[in-house]
Amino acid sequence: MNLPTDFRGSRQAAEALLEAIDPARYGATRNHLDGAVTRLSPYIRHGVLTLAEVRDRVLARGGGGKLIQELGWRDYWQRLWRQWGDGIWLDREPLKTGHPPEAYGPDLPADLSAAATGLACIDAFATDLMVTGWLHNHARMWLAAYVVHWRRVRWQAGARWFLQHLLDADPASNNLSWQWLASSFSHKPYIFNRANLERFGGGRYCAACPAASRGGAAAPGGCPFDASYEWLQARLFRSPEPGEQALPPGGLASVMQLTVRGVSGGKIIGEWPLQVRAEVWREVWLAPQRMDRGQMLQPSLLTARTVDILKEFNPPIAADQDLSGFELAQAVQAGKPISRKDLVERSLVRKGQFVDAVANEGGLNIRMRAQAMEAGPAGAVIRVRNLDSQKVFFAQVINENQVQVRF
Ligand SMILES: Cc1cc2nc3c(=O)[nH]c(=O)nc-3n(C[C@H](O)[C@H](O)[C@H](O)COP(=O)(O)OP(=O)(O)OC[C@H]3O[C@@H](n4cnc5c(N)ncnc54)[C@H](O)[C@@H]3O)c2cc1C
């Protein structure tokens, strides 16, 4: 593929970027589009560099707290992905925008995928995404917030669009960032305004933007971002009507205490406690007999049963989820639903196991015997020890007894 981008796919190119990291400048400028960000994400995503390697290089330079924190975010999203699997495509919590899920459109509007919204900033971000395959973090946040909150499109449609084009496309970092912006995995929705865009975007979009020339967000056809945060919040989100009952803060439960408020002529005339019972029936996976730790989870070994999931202490896993890549982290009693807490991703290679380590470099194939120093599922990068030289190196798990060495 011949992308108009300066990313080059080799360990050498990754090393050059690693060498150029300036942790202090990164901390001071990372939110600016022309800030000293590392541009390492495609290399980390595709296993050319490990997170630990980047961390060690940053620490060796001294400081780098902010950068280490960002590496931590990547690690955290990956761990959640392991735990939730395809559950990262589902809203993790109710939205805090005041709008029901059905208020959001299912598809990306055509003017966005054509980079033709008429807003200079948004069209530039959309073009960069689709032509170069890379966007600065702040541009990702602005573009995603515009899709979800201004255009009221479901975050999943935007997430699919990003994954289709990003060189660093990673379902965990991508989807969970979209959920964070949308407020299905955070306590409030993320929005921005023109002042924020101009400050961190270096003022490069608004001067030539036709919308900006027509005025602010209140003007017909004006810049939809040119307003105070208070004005935008009131415009984009919905507060509950007087007397309208939001869900209790803890979410749905079998028994809930609600407060009913009586309103007459715009005045509150009384408040009364009301206890309600709720049931949510779903088909979930269940252990037909006692299942032991380490047991694989092929569908043929499980039973699907419809249960009231609000009665279960740990949320059970829906029966449409494929669990064949997992094993039990602990024993499960007969008749008990399987929950996420019971699962770990199936390790293909176990700690201490002897494996074939294969290295391919410029047409040369090298094969050696090595011992795994840690367990890992398919695709994980683990430490292995060469049995002849006793040297320790990183390799990616390919199958039950083989790892691939990366240079
Ligand atoms: C809507 C949205 C979608 C995103 N989709 C992806 C994606 O598909 N793949 C992806 O790798 N990152 C994604 N990110 C996170 C982040 O934008 C990129 O990792 C970062 O911009 C990559 O540029 P960089 O390497 O110069 O990052 P730097 O700021 O230099 O950070 C160094 C490394 O830390 C990690 N990192 C930095 N910021 C974040 C973050 N907010 N979340 C998780 N890890 C982070 C990345 O591995 C990055 O390479 C997304 C963020 C948003 C808001």
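For the stretch 58-79, the candidate set comprises residues that are of a type in the set (Phe, Trp, Tyr) and in contact (Cβ under 8 Å) with a residue 40 or more places away in the chain; within that set, the residue that is nearest to residue 321 (Cα to Cα) is 77.
Residues being small (Gly, Ala, Ser) and outside any loop (DSSP other than H, G, I, E, B) are represented in the stretch 261-268 by at least one member.
Residues in the stretch 15-40 that are in a helix (DSSP H, G or I), within 20 Å of residue 381 (Cβ to Cβ) and in contact with a helix residue (DSSP H, G or I) (Cβ under 8 Å, 6 or more places away or on another chain): 2 in all. Just wondering, is there one or more residues in the stretch 217-229 that are touching a Ser or Thr at 6+ places or on another chain (Cβ under 8 Å) and either at negative phi or modelled with pLDDT of 95 or more (or both)? No, because not a single residue in the stretch 217-229 is touching a Ser or Thr at 6+ places or on another chain (Cβ under 8 Å) and either at negative phi or modelled with pLDDT of 95 or more (or both). Looking across 34, 22, one residue alone is touching a residue at least 12 places away in the same chain (Cβ under 8 Å), within 11 Å of the ligand (Cβ to nearest atom) and acidic (Asp, Glu). It is 22. Taken over the stretch 362-407, the criterion of being out of contact with any Leu (no Cβ under 7 Å at 6 or more places or on another chain), within 26 Å of residue 324 (Cα to Cα) and assigned to a loop (DSSP other than H, G, I, E, B) is satisfied by 373, 374, 375, 379, 380, 401. Per the listing 348, 364, 328, 323, the residue uniquely over 30 Å from residue 306 (Cβ atoms) and either surrounded by 15 or more Cβ atoms within 10 Å (Cβ to Cβ) or modelled with pLDDT of 90 or more (or both) is 348.
When you scan the stretch 210-223, do you find a residue that is within 16 Å of the ligand (Cβ to nearest atom) and outside any loop (DSSP other than H, G, I, E, B), even just one? No, every residue in the stretch 210-223 fails to be within 16 Å of the ligand (Cβ to nearest atom) and outside any loop (DSSP other than H, G, I, E, B). The combined condition, being away from the ligand (no atom under 14 Å from the Cβ), among the aromatic types (Phe, Trp, Tyr), surrounded by 13 or more Cβ atoms within 10 Å (Cβ to Cβ) and over 16 Å from the mean Cα position of the chain (by Cα), is fulfilled by residue 104. Residue count for the stretch 196-209 under the criterion of being modelled with pLDDT of 95 or more and either over 27 Å from the mean Cα position of the chain (by Cα) or part of a loop (DSSP other than H, G, I, E, B) (or both): the result is 3. In this entry, residue 142 is excluded by the filter for residues that are in contact (Cβ under 8 Å) with a residue 12 or more places away in the chain, outside any helix (DSSP H, G or I) and either outside the structural domain of residue 22 (by TED's automatic domain parsing) or farther than 30 Å from residue 317 by Cα (or both). Among the candidates 79, 57, 39, 25, the residue that is within 15 Å of the chain's Cα centre (by Cα) and not aromatic (Phe, Trp, Tyr) is uniquely 79.
Scanning the stretch 153-191 for residues that are within 9 Å of the ligand (Cβ to nearest atom) and polar (S, T, N, Q) yields 173, 174, 175, 177.
Of all the listed residues (55, 92, 82), the sole one being part of a helix (DSSP H, G or I), surrounded by 14 or more Cβ atoms within 10 Å (Cβ to Cβ) and in contact (Cβ under 8 Å) with a residue 60 or more places away in the chain is 82. In the stretch 4-14, the qualifying residues are those that are touching a residue at least 12 places away in the same chain (Cβ under 8 Å), assigned to a loop (DSSP other than H, G, I, E, B) and closer than 24 Å to residue 360 by Cβ, and the one that is farthest from the ligand (Cβ to nearest atom) is 10. Report yes if residue 68 is of a type in the set (A, V, I, L, M), part of a helix (DSSP H, G or I), surrounded by fewer than 18 Cβ atoms within 10 Å (Cβ to Cβ) and within 13 Å of the ligand (Cβ to nearest atom), otherwise no. So residue 68 passes the test.
Each residue in the stretch 128-139 was checked for being in a helix (DSSP H, G or I) and surrounded by fewer than 20 Cβ atoms within 10 Å (Cβ to Cβ), and 5 pass.
The values are calculated or read from the model by the stated rules, or taken from the named source; none is laboratory data. Model, not experiment: these values are computed from the prediction. A quick note on method: Cβ atoms are made from the backbone with ideal geometry, for glycine too, and the neighbour counts reach across all protein chains shown.
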